[in-house]
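Below: one structure, written as structure tokens.
Throughout, read-outs are computed from the coordinates displayed, never taken from laboratory work. Quantities reported herein were computed from a predicted structural model and do not represent experimental measurements. Counting neighbours? That spans all protein chains shown, and the Cβs are built from the backbone with ideal geometry, glycine included.
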Amino acid sequence: MSLKEQVELYNSKDKLNAINWNKEDDPMAELYWLQGVQQFWLETEFDVSRDLSSWNKLSELEKDTYKKVLAGLTGLDTKQGGEGMNLISYHEPRNKYQAVFAFMGGMEEIH
């Protein structure tokens, strides 16, 4: 049976399996989860106005470059959060990895 068929069979079941994060049965998934949680932040946690003095010292070319890079990264994050992580999760039969991918997708949308 191909991986795609296995995933479709797994996803077609009505049975739900809750994740027991207290059971240490997958060190890699738990490592990714912990790393993601530690890297999580919200815009309310820091004051971007503190960067204004540095921003004002940049040339117009540097400011334009920063704006373009930020726009590109924001576009990639939006695509990754809205589609990418969901598609990866769909093809992952292990619940802990699905949770990690869902969390990462949310982080991409926020960050």
The chain - charge dipole about Cα centre, Lys and Arg +1 at Cβ, Asp and Glu -1, debye rounded to 20
120
Kindly state, to the nearest 0.05, the FRET efficiency for Tyr66 paired with Leu31, given R0 = 35 Å and r defined as their beta-carbon distance.
0.60
Cross-link list Lys4/Lys79; Lys4/Lys68; Lys13/Lys96: which exceed 28 angstrom alpha carbon to alpha carbon?
Lys4/Lys68
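If you keep only loop residues by DSSP, which GluC sites (Glu not before Pro) in region 1-45 have at most 10 other Cβ atoms within 10 Å of their Cβ?
Details: sites: Glu5, Glu8, Glu24, Glu30, Glu43, Glu45; in loops: Glu24.
Sites meeting the loop and neighbour criteria: Glu24.
Kindly provide the trypsin sites (Lys or Arg not before Pro) of region 1-41 that DSSP labels as loop, not H, G, I, E or B, and whose Cβ sees at most 10 other Cβ atoms within 10 Å. Spell out each step's value before the answer.
Details: sites: Lys4, Lys13, Lys15, Lys23; in loops: Lys13, Lys15, Lys23.
Listed in order of number, the matching sites are Lys13, Lys15, Lys23.
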Does anyone have the angle between helix 95-110 and the longest principal axis of the chain? Alpha-carbon axes, 0 to 90°, nearest 10?
20
Projected onto the charge dipole of region 60-111 (unit charges on the beta-carbon of Lys, Arg, Asp and Glu, signs +1, +1, -1, -1), the Cα from Ala71, Pro93, Met104 with the largest positive-side position is that of Pro93
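Applying 1/(1 + (r/R0)^6) with R0 = 30 Å to the Cβ-Cβ distance of Gln6 and Leu73, what FRET efficiency is obtained, to the nearest 0.05? Could the numbers behind the result be given before it?
Working: r = 35 Å, r/R0 = 1.15.
The formula returns an efficiency of 0.30 here.
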Set of region 67-90 residues, backbone N closer than 18 Å to the point 7 Å along the Cα-Cβ line of Phe46:
67, 69-71, 73-74, 77
Candidates per chymotrypsin sites (Phe, Trp or Tyr not before Pro) in region 1-99, loop by DSSP, up to 14 other Cβ within 10 Å:
Trp21, Phe40, Trp41, Phe46
